[in-house]
Amino acid sequence: MARLFNEPELIIATHNPGKLREIAQLFEPFGVKALSAGELGLPEPMEDGLTFTANAEVKARAAVEGSDKPAVSDDSGLVVPALGGDPGIYSARWAGPDKNFNVAMQRIQNELGNKDRGAYFVAALALAWPDGHIEMFEGMVHGTLVWPPRGDLGFGYDPIFQPDGYDITFGEFEPSAKHAISHRADAFNQMVAACFAP
(Lines give C-alpha, C1' and ligand atoms only; values in the text may rest on other atoms or scores of the structure.)
Protein backbone atom coordinates (compact mmCIF):
# COMPACT_ATOMS: atom_id res chain seq x y z
CA MET A 1 0.00 0.00 0.00
CA ALA A 2 1.27 3.47 -0.89
CA ARG A 3 2.32 5.91 1.81
CA LEU A 4 -0.05 8.80 2.54
CA PHE A 5 1.44 12.28 2.15
CA ASN A 6 0.68 14.60 5.07
CA GLU A 7 3.54 17.10 5.01
CA PRO A 8 2.93 20.88 4.87
CA GLU A 9 5.62 21.58 2.26
CA LEU A 10 6.87 19.89 -0.86
CA ILE A 11 9.82 20.62 -3.12
CA ILE A 12 9.04 20.48 -6.81
CA ALA A 13 12.31 19.23 -8.25
CA THR A 14 12.47 21.31 -11.41
CA HIS A 15 14.14 24.39 -12.84
CA ASN A 16 11.69 24.48 -15.77
CA PRO A 17 9.21 27.36 -15.25
CA GLY A 18 6.50 25.80 -17.42
CA LYS A 19 6.70 22.48 -15.63
CA LEU A 20 6.81 24.22 -12.23
CA ARG A 21 3.66 26.19 -13.03
CA GLU A 22 1.77 23.07 -14.13
CA ILE A 23 2.79 20.93 -11.15
CA ALA A 24 2.24 23.70 -8.55
CA GLN A 25 -1.30 24.25 -9.89
CA LEU A 26 -2.05 20.55 -9.55
CA PHE A 27 -1.08 20.66 -5.84
CA GLU A 28 -3.07 23.81 -4.96
CA PRO A 29 -6.30 21.99 -3.96
CA PHE A 30 -4.42 19.95 -1.34
CA GLY A 31 -3.15 22.91 0.68
CA VAL A 32 0.47 21.87 0.16
CA LYS A 33 2.97 24.72 -0.06
CA ALA A 34 5.07 24.01 -3.13
CA LEU A 35 8.63 25.33 -3.40
CA SER A 36 10.84 24.79 -6.42
CA ALA A 37 14.36 23.42 -6.51
CA GLY A 38 15.26 26.49 -8.55
CA GLU A 39 13.95 28.89 -5.87
CA LEU A 40 16.01 27.07 -3.25
CA GLY A 41 19.14 27.22 -5.39
CA LEU A 42 19.44 23.43 -5.55
CA PRO A 43 21.68 22.19 -8.38
CA GLU A 44 20.22 20.21 -11.25
CA PRO A 45 21.37 16.59 -10.91
CA MET A 46 22.84 14.59 -13.77
CA GLU A 47 19.94 12.74 -15.38
CA ASP A 48 21.71 9.54 -16.36
CA GLY A 49 18.81 7.11 -16.12
CA LEU A 50 17.68 5.17 -19.17
CA THR A 51 13.95 5.54 -18.46
CA PHE A 52 11.59 8.34 -17.46
CA THR A 53 11.02 6.71 -14.06
CA ALA A 54 14.75 6.38 -13.38
CA ASN A 55 15.34 10.06 -14.15
CA ALA A 56 12.34 11.16 -12.06
CA GLU A 57 13.78 9.21 -9.12
CA VAL A 58 17.23 10.81 -9.56
CA LYS A 59 15.70 14.31 -9.45
CA ALA A 60 13.41 13.63 -6.49
CA ARG A 61 16.16 12.09 -4.38
CA ALA A 62 18.55 14.96 -5.19
CA ALA A 63 15.95 17.54 -4.11
CA VAL A 64 15.29 15.65 -0.86
CA GLU A 65 19.01 15.46 -0.10
CA GLY A 66 19.47 19.17 -0.82
CA SER A 67 16.49 20.36 1.25
CA ASP A 68 15.72 17.62 3.80
CA LYS A 69 12.09 18.01 2.77
CA PRO A 70 9.85 15.71 0.73
CA ALA A 71 10.05 16.28 -3.00
CA VAL A 72 8.19 15.44 -6.14
CA SER A 73 9.79 15.30 -9.54
CA ASP A 74 8.59 14.71 -13.04
CA ASP A 75 10.50 13.35 -15.97
CA SER A 76 8.54 13.60 -19.14
CA GLY A 77 8.97 13.64 -22.86
CA LEU A 78 7.62 12.97 -26.28
CA VAL A 79 7.91 9.48 -27.73
CA VAL A 80 7.64 9.08 -31.50
CA PRO A 81 7.57 5.38 -32.44
CA ALA A 82 8.44 6.11 -36.10
CA LEU A 83 11.68 7.70 -34.84
CA GLY A 84 12.59 4.64 -32.76
CA GLY A 85 11.12 6.24 -29.63
CA ASP A 86 13.07 9.50 -29.96
CA PRO A 87 13.29 12.08 -28.61
CA GLY A 88 12.04 10.18 -25.53
CA ILE A 89 14.15 10.73 -22.41
CA TYR A 90 16.25 13.15 -24.44
CA SER A 91 13.29 15.44 -25.23
CA ALA A 92 14.78 18.46 -23.45
CA ARG A 93 18.25 17.80 -24.88
CA TRP A 94 16.87 17.93 -28.43
CA ALA A 95 16.07 21.58 -27.66
CA GLY A 96 19.77 22.28 -27.06
CA PRO A 97 21.47 24.30 -24.32
CA ASP A 98 19.18 27.27 -24.96
CA LYS A 99 16.07 25.07 -24.58
CA ASN A 100 14.86 26.17 -28.01
CA PHE A 101 11.93 23.87 -28.69
CA ASN A 102 11.33 25.46 -32.08
CA VAL A 103 14.61 23.82 -33.12
CA ALA A 104 13.54 20.51 -31.55
CA MET A 105 10.13 20.56 -33.25
CA GLN A 106 11.75 21.33 -36.61
CA ARG A 107 14.15 18.41 -36.10
CA ILE A 108 11.22 16.06 -35.47
CA GLN A 109 9.49 17.35 -38.60
CA ASN A 110 12.65 16.91 -40.67
CA GLU A 111 13.33 13.38 -39.42
CA LEU A 112 9.72 12.26 -39.60
CA GLY A 113 9.15 13.11 -43.25
CA ASN A 114 6.31 10.88 -44.49
CA LYS A 115 6.52 8.37 -41.63
CA ASP A 116 3.67 7.61 -39.24
CA ARG A 117 2.87 10.72 -37.18
CA GLY A 118 1.53 8.87 -34.13
CA ALA A 119 3.18 9.91 -30.85
CA TYR A 120 2.62 9.97 -27.13
CA PHE A 121 3.73 11.96 -24.14
CA VAL A 122 4.96 10.13 -21.04
CA ALA A 123 5.24 11.61 -17.55
CA ALA A 124 6.86 9.75 -14.66
CA LEU A 125 6.30 11.21 -11.19
CA ALA A 126 8.46 10.36 -8.18
CA LEU A 127 7.35 11.35 -4.67
CA ALA A 128 10.20 10.98 -2.18
CA TRP A 129 10.54 11.46 1.58
CA PRO A 130 13.68 12.30 3.60
CA ASP A 131 13.71 8.78 5.12
CA GLY A 132 14.34 7.31 1.66
CA HIS A 133 10.80 6.11 0.90
CA ILE A 134 9.65 6.76 -2.68
CA GLU A 135 6.46 6.25 -4.66
CA MET A 136 6.46 6.16 -8.50
CA PHE A 137 3.69 6.79 -11.04
CA GLU A 138 3.60 6.97 -14.84
CA GLY A 139 1.00 8.56 -17.11
CA MET A 140 0.55 8.79 -20.88
CA VAL A 141 -1.49 10.60 -23.48
CA HIS A 142 -1.58 9.52 -27.13
CA GLY A 143 -1.98 11.73 -30.16
CA THR A 144 -0.73 12.82 -33.56
CA LEU A 145 2.03 15.23 -34.55
CA VAL A 146 0.90 18.17 -36.67
CA TRP A 147 2.82 20.69 -38.73
CA PRO A 148 3.17 23.65 -38.64
CA PRO A 149 3.13 24.22 -34.84
CA ARG A 150 -0.06 25.76 -33.48
CA GLY A 151 -0.67 27.71 -30.28
CA ASP A 152 1.50 29.31 -27.61
CA LEU A 153 -0.34 28.36 -24.42
CA GLY A 154 1.78 25.34 -23.52
CA PHE A 155 5.51 24.67 -23.53
CA GLY A 156 7.98 22.24 -25.03
CA TYR A 157 6.47 20.14 -27.83
CA ASP A 158 2.87 21.15 -27.05
CA PRO A 159 2.35 23.16 -30.31
CA ILE A 160 2.84 20.06 -32.51
CA PHE A 161 0.98 17.51 -30.35
CA GLN A 162 -2.73 17.00 -31.03
CA PRO A 163 -4.19 14.57 -28.49
CA ASP A 164 -6.48 11.81 -29.76
CA GLY A 165 -10.12 12.91 -29.91
CA TYR A 166 -9.35 16.63 -30.24
CA ASP A 167 -8.78 18.98 -33.18
CA ILE A 168 -6.45 21.38 -31.35
CA THR A 169 -2.89 21.00 -30.08
CA PHE A 170 -1.76 21.14 -26.46
CA GLY A 171 -0.35 24.55 -27.41
CA GLU A 172 -3.93 25.71 -28.09
CA PHE A 173 -5.49 24.22 -24.93
CA GLU A 174 -6.35 26.45 -22.00
CA PRO A 175 -4.14 25.26 -19.10
CA SER A 176 -7.08 23.92 -17.07
CA ALA A 177 -8.31 21.88 -20.04
CA LYS A 178 -4.83 20.47 -20.65
CA HIS A 179 -4.50 19.57 -16.95
CA ALA A 180 -7.64 17.46 -17.28
CA ILE A 181 -6.23 15.12 -19.93
CA SER A 182 -2.43 15.42 -20.02
CA HIS A 183 0.16 12.73 -19.32
CA ARG A 184 1.21 14.68 -16.23
CA ALA A 185 -2.41 14.81 -15.03
CA ASP A 186 -2.72 11.06 -15.58
CA ALA A 187 0.33 10.38 -13.40
CA PHE A 188 -0.74 13.02 -10.87
CA ASN A 189 -4.23 11.50 -10.54
CA GLN A 190 -2.66 8.11 -9.85
CA MET A 191 -0.48 9.71 -7.17
CA VAL A 192 -3.41 11.53 -5.56
CA ALA A 193 -5.46 8.33 -5.45
CA ALA A 194 -2.59 6.47 -3.81
CA CYS A 195 -0.94 9.06 -1.55
CA PHE A 196 -3.39 11.85 -0.72
CA ALA A 197 -6.34 11.31 1.61
CA PRO A 198 -9.71 11.85 -0.10
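The values are calculated or read from the model by the stated rules, or taken from the named source; none is laboratory data. These figures come from a predicted structure and were not determined experimentally. Note that each Cβ is placed from the backbone with ideal geometry, even for glycine, and that neighbours are counted across all protein chains shown. When the accessible area is computed, the model is the full protein with side chains, heavy atoms only, and any ligands, DNA or RNA have been set aside. Shrake-Rupley method; radii C 1.70, N 1.55, O 1.52, S 1.80 Å.
Looking only at region 64-91, which residues are more than 21 Å from Pro130 (Cβ to Cβ) and surrounded by fewer than 19 Cβ atoms within 10 Å (Cβ to Cβ)?
Pro81, Ala82, Leu83, Gly84, Gly85, Asp86, Gly88, Tyr90, listed by residue number.
It is to be established whether one or more residues within region 99-107 are surrounded by fewer than 20 Cβ atoms within 10 Å (Cβ to Cβ), of a type outside the set (Asp, Glu) and within 16 Å of the chain's Cα centre (by Cα).
Looking through region 99-107, at least one residue is surrounded by fewer than 20 Cβ atoms within 10 Å (Cβ to Cβ), of a type outside the set (Asp, Glu) and within 16 Å of the chain's Cα centre (by Cα).
How about region 160-173: which of its residues are under 16 Å from Tyr120 (Cβ atoms), of a type outside the set (A, V, I, L, M) and outside any loop (DSSP other than H, G, I, E, B)?
Selection gives Phe161, Gln162, Pro163, Phe170.
Inspect all residues belonging to region 178-196 and state whether any of them is of a type in the set (Gly, Ala, Ser), more than 21 Å from Ile12 (Cβ to Cβ) and surrounded by 17 or more Cβ atoms within 10 Å (Cβ to Cβ).
no
Yes or no: region 157-172 includes at least one residue that is at pLDDT below 95, surrounded by fewer than 19 Cβ atoms within 10 Å (Cβ to Cβ) and of a type outside the set (Val, Ile, Thr).
No, region 157-172 contains no residue that is at pLDDT below 95, surrounded by fewer than 19 Cβ atoms within 10 Å (Cβ to Cβ) and of a type outside the set (Val, Ile, Thr).
Hey, any hits in region 174-192 for a residue that's part of a helix (DSSP H, G or I) and hydroxyl-bearing (Ser, Thr, Tyr)?
The answer is yes, given that some residue of region 174-192 is part of a helix (DSSP H, G or I) and hydroxyl-bearing (Ser, Thr, Tyr).
Quick test for you: out of Arg107, Arg117, pick the one residue that is in contact with a Ser or Thr (Cβ under 7 Å, 6 or more places away or on another chain) and more than 27 Å from Leu26 (Cα to Cα).
Arg117
Could you tell me whether Arg117 is open to solvent by 40 Å² or more (accessible area, probe 1.4 Å) and charged (D, E, K, R)?
The answer is yes for Arg117.
Being touching a Phe, Trp or Tyr at 6+ places or on another chain (Cβ under 7 Å), open to solvent by 70 Å² or more (accessible area, probe 1.4 Å) and within 24 Å of His15 (Cβ to Cβ) narrows it down to one residue among Leu127, Leu153; which is it?
Step by step, each of Leu127, Leu153 is checked, and only Leu153 is touching a Phe, Trp or Tyr at 6+ places or on another chain (Cβ under 7 Å), open to solvent by 70 Å² or more (accessible area, probe 1.4 Å) and within 24 Å of His15 (Cβ to Cβ).
Is region 34-44 home to any residue that is touching a strand residue (DSSP E or B) at 6+ places or on another chain (Cβ under 6 Å) and surrounded by fewer than 20 Cβ atoms within 10 Å (Cβ to Cβ)?
Yes, some residue in region 34-44 is touching a strand residue (DSSP E or B) at 6+ places or on another chain (Cβ under 6 Å) and surrounded by fewer than 20 Cβ atoms within 10 Å (Cβ to Cβ).
Answer yes if at least one residue in region 61-74 is out of contact with any Lys or Arg (no Cβ under 8 Å at 6 or more places or on another chain) and more than 25 Å from Glu9 (Cβ to Cβ), and no otherwise.
No, region 61-74 has no match at all.
What are the pairs, 6+ residues apart or on separate chains, where a residue within region 176-190 that is closer than 15 Å to Tyr157 by Cα and among the charged types (D, E, K, R) has its Cβ under 8 Å from a residue that is outside any helix (DSSP H, G or I) and open to solvent by less than 10 Å² (accessible area, probe 1.4 Å)?
Taking only residues 6 or more apart or on different chains, the pairs are Arg184/Asp74; Arg184/Ala123; Arg184/Leu125; Arg184/Gly139.
Inside region 1-23, can you point out the residues that are open to solvent by 30 Å² or more (accessible area, probe 1.4 Å) and under 24 Å from Arg93 (Cα atoms)?
His15, Asn16, Pro17, Leu20, Arg21 - these are the residues of region 1-23 that are open to solvent by 30 Å² or more (accessible area, probe 1.4 Å) and under 24 Å from Arg93 (Cα atoms).
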